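Let me begin by presenting the structure, written as structure tokens, before commenting on it.
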Amino acid sequence: MAIDAAVSAPVIALAGNPNVGKSTIFNCLTGMHQHTGNWPGKTVAGAEGRHYFGGREWRIVDLPGTYSISAHSAEEKIARDYLCFAKPSAVIVVCDATCLERNLNLVLQIREITPNIVVCVNLLDEAAKKQIILDLPELSRLLGLPVVGASARAGRGVKELMEQASALSGADAGTAVGTAAETAAAGAFAAGVTTDASAPARHCCRLTYPRPIEEAINSLLPFLEGLAPALPRRWLALQLLDKDGSFLESLARSAALDIGTMPELARQLDQLHNQLAQAGYHCCRLRDEITAAGVRQAEIIAAKVVRHIREDSHRRDRLIDNWLTGRFTGMPLMLALLALVFWITIVGANYPSAALSNLFFALESSLARLLSAAPPWLSSLLIEGVYRTLTWVVSVMLPPMAIFFPLFTLLEDAGYLPRVAFNLDHYFQKCGACGKQALTMCMGFGCNAAGVTGCRIIDSPRERLIAILTNSLVPCNGRFPTLIAIITMFFTVQFSMSAGGSLSLTLLLTAFILLGILMTFLSSAFLSNTLLKGIPSSFALELPPYRRPQFRQVVVRSVFDRTLFVLGRAILAAAPAGFIIWFLANINTGGQTLLAHFTGFLDPAGRLLGLDGVILMAFILGFPANEIVVPLIIMMYGAGASLAEADSLLTLKTLLLDNGWTWVTALCTMVFCLFHFPCATTFLTIKKETQSWRWALLAFFLPTAIGIGFCLLINGFAHLIL
Amino acid sequence: MDNHKENQITQLSRLLPGCRGLVRSSALQGSMRRRLQDLGLVEGTLVRCLHQGPGGNPMAYDIRGAVIALRKEDAQHILIEREGRLWQ
């Protein structure tokens with residue numbers, strides 16, 4: 001991530017623990033739509049936007065969520081380096097009001113680096129529901145920092161936050177503090193601003209360490225005179241004593257301060273380390289004490305500021321967890337929830353799908369009339385080549401996507417995804433992988449490219465690679481409708497959408513998804529026993545509090561940002577593919593169309609897999625976007641022959657049956673749709689994330705090989721019994 | 001079982017759901033040690049075991065008001081003193 005603070009507009013950075021609402025505040029300020037969700041690690045790279053406040057422009061930087069700035073993971077390193085070396089004008093440290101103590105540790109750590117902090121105690125509404133009372137003025141006094149209470153999801157407290165942050169940056173300080181004082185008077189415990197930060201208080205509560213460490217810091221300070229002037233010397237001394245390798249690297253790179261070239265400093269450091277070791281503070285204990293100092297001070301402050309009215313404030317969450325992640329109930333409920341989501345998607349998508357296809361069919365005749373003046377080849381190209389592909393994509397793809405994605409996002413928003421990771425961790429561990437892979441796998445249901453990027457939340461490089469390579473084994477939003485359409489046509493009892501039909505459809509789809517998940521486990525186990533050998537690393541995952549999903553925002557955002565995005569991509573890919581196929585089908589060489597040459601060439605391979613040349617060709621041409629595979633199949637079958645009405649499933653089934661489809665073809669097409677090479681976007685994302693063509697190619701061939709294997713088996717078996 | 005003193009100190013992974021214990025020491029190494037410290041799991045922290053996951057692993061713990069899932073393989077390296085025997 002390249003965020004550079006040295007460009008004109010002053011920068012306000014948003015830091016904080018994972019999942020405390022930084023992205024929500026960021027979206028509130030910038031009007032942007034960073035994807036938000038209730039699970040730690042959702043923002044894996046920083047985001048940047050702009051906000052106008054107080055008559056000027058501000059750059060707002062959303063840092064990845066971190067528990068500390070001691071940089072054990074890539075995100076923490078990004079956050080720490082940004083805070084140390086990019087020098088934002090102000091840092092807003094966002095805290096979760098329902099879990100203040102843990103969050104204060106980070107505030108205390110960042111306070112050692114920069115004094116320009118506004119503490120934002122977010123999620124006050126959640127805290128109020130849990131009957132947790134916070135004394136924000138006291139918190140401000142104890143920390144010596146301005147504190148703003150907020151409920152960012154309802155938009156409360158965001159303006160006050162900007163007032164405080166801009167006041168810190170030195171711009172129009174007077175007015176901002178004035179307004180702040182008024183707000184503070186209005187309600188101390190509500191979303192208000194508290195600035196009891198009197199000047200002397202700023203020093204009284206800095207972190208203190210056991211005496212030998214304090215002495216070592218003091219004796220190091222004279223050596224740091226003039227070095228890295230932007231960093232507080234006391235903090236710098238502590239980092240040097242801590243011998244934090246990644247920090248020394250960043251220091252050398254960003255502040256041109258290389259300890260290796262300073263023999264005097266190095267000698268002093270060695271001597272101090274020896275002294276500390278003699279006093280019992282060898283390397284590991286030194287670190288323990290440094291971390292513990294922050295944790296203990298946070299504990300002291302929280303004890304004075306937080307009051308729980310009920311003894312068990314999180315009782316509701318524990319109750320839900322006992323069911324959703326329980327030893328015996330966790331898995332069945334997860335499967336039931338998965339099936340429920342599919343059932344709602346299938347039943348709900350049926351009606352708008354039919355309505356859309358009727359509408360498009362009616363429009364086609366008016367379009368044909370409109371084009372009657374044009375040359376026949378042009379109207380044929382536009383109607384048969386482009387219009388039908390597009391309308392098929394829209395009428396069959398849009399409704400399931402527009403239902404599935406919001407449902408999925410609601411679960412995500414409520415905080416269910418980390419529970420999935422919790423439930424599945426045991427199995428991932430057995431496969432030598434990380435439980436967080438469940439999170440990236442779930443993201444893959446939305447979009448495999450997003451899932452691959454999300455793999456950054458996995459710290460171990462080995463386990464991260466496993467997660468990336470296996471991500472395409474679960475179907476993305478663009479592949480669901482294809483699966484649903486084929487199951488509907490070939491595998492339901494009745495074609496009409498009866499209760500029995502939709503139920504068997506749901507069960508079959510769920511079984512298919514479970515097959516994808518099973519193959520994810522098996523491939524992960526395979527990879528960790530062959531190419532990516534190693535033992536599972538340690539695992540610590542936070543299960544955040546459940547939150548009531550924001551229905552309206554979730555629906556609006558997931559329809560507009562995700563569904564329309566995927567659909568737009570499908571249309572962009574479908575139009576040129578439609579052109580190509582139309583031309584191939586209309587150019588004759590050697591008594592055959594070019595299309596027939598190509599599909600004829602692929603036909604033997606296709607037949608072997610239980611498919612045919614056309615289906616294989618459609619998958620290859622569908623590389624830019626998986627959504628267009630079925631429309632391409634229709635076009636290629638329909639090319640030449642006149643096709644009355646390709647957009648209803650009944651006529652589509654007739655068309656497919658006329659072209660020799662059996663239930664074996666349908667099953668093999670579904671299996672190949674589930675397991676084949678990732679789409680172009682995902683492929684390039686894998687290349688970007690792994691920095692290697694070799695891994696990208698493996699990610700290309702692994703699912704393809706699985707698909708080919710399954711198809712050969714199914715086809716061979718079918719030949720034996722039929 | 002025979003030695004009362006030893007019985008008080010046990011591995012975090014042996015803490016049963018609903019029980020609490022004070023962290024005494026951690027034998028974890030490297031980044032996991034620090035990660036748990038950053039989550040507030042330092043000496044003297046009161047930890048409550050909440051529930052077991054499907055398959056018996058991982059376990060969910062209440063650490064300073066947050067729910068953290070840990071595998072048994074990691075939790076066994078953390079020694080705790082069971083609550084309830086603290087005053088005996």
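The values are calculated or read from the model by the stated rules, or taken from the named source; none is laboratory data. These figures come from a predicted structure and were not determined experimentally. All Cβ positions, glycine included, derive from the backbone under ideal geometry; neighbour counts span all protein chains shown. When the accessible area is computed, the model is the full protein with side chains, heavy atoms only, and any ligands, DNA or RNA have been set aside. Shrake-Rupley method; radii C 1.70, N 1.55, O 1.52, S 1.80 Å.
Laid out as a table, the results:
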{"item": "Accessible area per residue, Å², chain A with all protein chains present, probe 1.4 Å", "result": "39 Å²"}
{"item": "Cα Rg, Dmax (largest Cα-Cα span) when computed across chain A, Å", "result": "29.7, 95"}
{"item": "Residue-wise HN-Hα coupling along the stretch A:649-654, computed from phi with Karplus coefficients 6.51, -1.76, 1.60 (Hz; x: Gly, Pro)", "result": "5, 5, 5, 5, 4, 4"}
{"item": "Heavy atoms of A:Asp658: accessible area, 1.4 Å probe, square angstrom to 10", "result": "120 Å²"}
{"item": "Computed over chain A: relative contact order in percent, which uses C-alpha pairs under 8 Å that are six or more apart", "result": "11 percent"}
{"item": "Average partner coverage of A:308-318, which counts Cβ from other chains inside 10 Å", "result": "1"}
{"item": "Between helix A:480-490 and chain A: long-axis angle, C-alpha atoms, 0 to 90°, nearest 10", "result": "30 degrees"}
{"item": "Mean residue ellipticity (222 nm) of chain A, computed from DSSP H runs ≥ 4 via -39,500 (n - 2.57), nearest 500", "result": "-19000 deg cm²/dmol"}
{"item": "Out-of-range pairs (alpha-carbon distance over 18 Å; input A:Lys430/B:Lys72; A:Lys129/A:Lys436; A:Lys22/A:Lys687; A:Lys22/A:Lys159)", "result": "A:Lys129/A:Lys436; A:Lys22/A:Lys687"}
{"item": "Accessible area of the protein assembly as shown belonging to carbon and sulfur atoms, whole % at 1.4 Å probe", "result": "62 percent"}
{"item": "Helix A:330-370 axis, angle to chain A major axis (alpha carbon atoms, nearest 10°)", "result": "50 degrees"}
{"item": "Accessible surface ranking that places the most exposed of A:Ser558, A:Ser8 first, with a 1.4 angstrom probe", "result": "A:Ser8, A:Ser558"}
{"item": "Amide H within-cut-off set for A:Arg50, under 5 Å, with H built and near neighbours excluded", "result": "A:Ile60"}
{"item": "Of all DSSP beta bridges in the protein assembly as shown, antiparallel share, percent nearest 5", "result": "70 percent"}
{"item": "At most 16 other Cβ within 10 Å, DSSP loop - trypsin sites (Lys or Arg not before Pro), the stretch A:238-326", "result": "A:Lys243, A:Arg310"}
{"item": "The stretch B:4-82, relative contact order in percent, only Cα pairs under 8 angstrom and at least six apart counted", "result": "43 percent"}
{"item": "With Cα atoms, 0 to 90° folded angle of helix A:499-529 axis to chain A main axis", "result": "60 degrees"}
{"item": "Other-chain or far-sequence residues with amide H under 5 Å of B:Val67's (modelled H)", "result": "A:Leu543"}
{"item": "Solvent-accessible surface (1.4 angstrom probe) belonging to B:Cys19, in square angstrom, nearest 10", "result": "60 Å²"}
{"item": "Contact order relative to length of the stretch A:247-401, as percent, for alpha carbon pairs under 8 angstrom and 6 or more apart", "result": "15 percent"}
{"item": "Whole-Hz ³J(HN,Hα) from phi, Karplus 6.51 cos²θ - 1.76 cosθ + 1.60, for the stretch A:428-436, glycine and proline x", "result": "5, 4, 4, 8, x, 10, 9, x, 5"}
{"item": "For residues of A:428-439, the mean tally of beta carbons on other chains within 10 Å", "result": "1"}
{"item": "Qualifying lysines (Cα of each under 16 Å from Cα of A:Lys243; at least 8 residues distant if same chain)", "result": "A:Lys77"}
{"item": "Amide H within-cut-off set for A:Cys95, under 5 Å, with H built and near neighbours excluded", "result": "A:Cys120, A:Val121, A:Asn122"}
{"item": "Drop in accessible area of at least 20 Å² in the complex versus isolated chain, residues of the stretch A:319-338, 1.4 Å probe", "result": "A:Asn322, A:Thr325, A:Arg327"}
{"item": "Under Karplus coefficients 6.51, -1.76 and 1.60, residue-wise ³J(HN,Hα) of the stretch A:137-142 in Hz, glycine/proline x", "result": "x, 5, 4, 4, 5, 5"}
{"item": "Summed buried accessible area for B+A [probe radius 1.4 Å, Å², rounded to 100]", "result": "3500 Å²"}
{"item": "Cleavage-rule hits, chymotrypsin sites (Phe, Trp or Tyr not before Pro), the stretch A:306-380, DSSP coil, Cβ neighbours within 10 Å at most 11", "result": "A:Phe328"}
{"item": "The stretch B:4-82: C-alpha gyration tensor shape, a/c 1.5 cut-off, then a/b vs b/c", "result": "rounded"}
{"item": "Shielding by partners - mean other protein chain Cβ count within 10 Å, residues of A:295-302", "result": "3"}
